[in-house]
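Trainee: Here it is, the structure in full.
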Amino acid sequence: MALLELLSRLRLAPLHYHLRRSLSAAAPPPHEPPPPHHAPPSQPASNKHKLFVAGLSWSADERSLTDAFSSFGTVTEVRIMYDKNSGRSRGFGFVQFSNNYEAKCAKDAMDGKVMLGRALRISFALDKVRGGPVIVPRLPTAKQDD
DNA sequence: GTTGAGCGTT
C-alpha cells in the first residue's frame, strides 16, 4: 500500500537530515578563524580612558589640569603625583575621561602643547593592577646578558 | 628657593 511507503518516508526523513547535518558539521569551511586573543606588540596594555600626562610644571596642580582638559570632554579623574616627603609635584599625573574618544581627542590635542611654560607629554596610561606594581614597557635593550 | 625623564594611590 502507498500508505506504508508514505509512513516510511516520513520516518526516514529526519534521519537523512540528521546525517546530512552531521556530515556538514564534520567539514568546516576553509574559513580561517582569528586567534582568540591577540595583543599588538607596539601597543602595551593601557587604559584608553586614562591619560598619562608628563612634563607638568612644578607649580601645576589638579585644578589647572582639569581646567585644561575639561574642554575636550568629561574629566572623571584627575590625579597628580606628589612627592611623599617634600609634598611637591613629581611633574606628572593622570587624567581620566568619560570615554576613550574624549581621552584620545584630548591626547591628540594637548600632547606637545605648552602649559605653564612647559611642554606636555601625554600618552595613554598603563593598566594599573591594584596591589601590584606598574609594568613599564622598556625599550628593546641592545644587549641581553641573562 | 635648586632639577626635567618618567607611569599612581585610595
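The values are calculated or read from the model by the stated rules, or taken from the named source; none is laboratory data. The model shown is predicted, which means the values in this text are computed figures rather than measured ones. Because the Cβ atoms are built from the backbone with ideal geometry, glycine has one as well, and the counts that use them run over all protein chains shown.
Trainee: Just a yes or no: is a residue in segment A:75-96 under 21 Å from A:LYS48 (Cβ atoms), in a loop (DSSP other than H, G, I, E, B) and modelled with pLDDT of 95 or more? Full working, then the answer.
Mentor: Applying the first criterion (under 21 Å from A:LYS48 (Cβ atoms)) to segment A:75-96 yields A:75-81, A:92-96.
Narrowing further to those that are in a loop (DSSP other than H, G, I, E, B): none.
Looking for residues that are under 21 Å from A:LYS48 (Cβ atoms), in a loop (DSSP other than H, G, I, E, B) and modelled with pLDDT of 95 or more, one finds none in segment A:75-96, hence no.
Trainee: Of everything in segment A:99-122, what is loosely packed, with under 13 Cβ neighbours inside 10 Å and farther than 15 Å from A:LEU65 by Cα? Give them in sequence order.
Mentor: A:ASP108
Trainee: Here's a follow-up. Output the residue which, of all residues in segment A:43-95 that are free of Cβ contacts under 8 Å to residues at least 12 places away in the same chain and of a type in the set (Ser, Thr, Tyr), is farthest from DNA strand B (Cβ to nearest atom).
Mentor: A:SER71
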